[in-house]
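The values are calculated or read from the model by the stated rules, or taken from the named source; none is laboratory data. Computed from a predicted structure; not experimentally measured. Neighbour counts run over all protein chains shown; Cβ positions are idealised from the backbone, glycine included. Ligands, DNA and RNA are stripped out before the accessible areas are found, and what is left, the full protein with its side chains, is counted by its heavy atoms. Shrake-Rupley method; radii C 1.70, N 1.55, O 1.52, S 1.80 Å.
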Amino acid sequence: QRITIPTTGNAVDTGDLTSVQIFNDSGGGSTTRGIQAHGTNGSFQRNDIVDYTTFASTGNATDFGNLSNSRNNNNGFSNNVRFLSIGGATGDFDSNLNYMDYFTIASTGNATDFGDTNAKAAGSGAGASTTRGIYANGMSSVASGTATNVVEYVTIANTGNASDFGDLQKNNVGGGGASNSVKFLVLPSDGSNNFTVDQFTIASTGNGTDFGDMVTTRQYATAGASSLRVVFAGGENTSSVSSNVIQYFTIASAGNSTDFGNLNQAVKAAGSNANAHGGIPA
């Protein structure tokens, strides 16, 4: 599904992935390509599939390559050159990973090892500037739903292990996140009613501070950004009912979300990508 971030309105169908994905995939993109690392397929099996689409055209996805192993609940972010897939969970449903893979967006091929995260965690939000990738760790145990509040970062042009950035205001089971080149916004959720979005300044380190509230509570929302807006779409409420609601925040000014429109079908724990996010030069 596709939206145009500078305007408001409902999502439109843009094509299909190469295979059915139930939930827990991640995405990133350059100005021209969107990359999608798959999560759990229609048989509830984790997989290593990575697809790409071309933003300028509609149509189905094309195979890009493979992750270093099968997983779901992985984070993803990119600048205009590299897409990184962070962490995730393996098939025994309680073995979270500290792997970081990267891909060169302009070419196709399999993942290359980037380094390791500090904490094994899965299922949360991520963003990037042109130089740094930042991600909020989610569940330290997928099976038990045990959550963390850890936020880490890497320098995208290099390879190596992650560094500690700071902490979310609350533990996070699964919430979307996205950024422009300056601020990273993330919706942490511990499984209870949560409206509050955390903000981080990417160029520095430190703990999250309150940015504003969602109009309606959501966990497992997906998020994307332009230089001006962060958009949250879908997710589920505390009754585990999936949503088709799209909301947005204006990054330059703290405050509550505004209605954007609706998805053409309700989703949760979906992946997303954009061609004007913080990792792409203005």
Roughly how many percent of the accessible protein surface of the chain is carbon and sulfur, given a 1.4 Å probe and a whole-percent answer? 46
Can you put D51, D16 in order of accessible area, largest first, using a 1.4 Å probe? D16, D51
Choose one answer from S242, S179, S107: the residue with the largest mean-square fluctuation in a GNM of the chain with alpha-carbon springs under 10 Å. S107
Report the Cα centroid-to-centroid distance between region 24-63 and region 191-251 in angstrom, as an integer. 22
Mind grabbing the accessible area of I5 for me, 1.4 Å probe, Å², rounded to tens? 30
tail above 24 Å in the computed P(r) of the chain, as % of all Cα-Cα pairs, reads 39
Just by accessible area at a 1.4 angstrom probe, what is the order of K120, K170 from largest to smallest? K120, K170
Solvent-accessible area per residue for the chain (1.4 angstrom probe, square angstrom): 39
Heavy atoms of S19: accessible area, 1.4 Å probe, square angstrom to 10: 40
Go through A223, G206, N172 and say which Cα lies farthest out towards the positive end of the charge dipole of region 134-282; charges sit on Cβ, +1 for Lys and Arg, -1 for Asp and Glu. A223
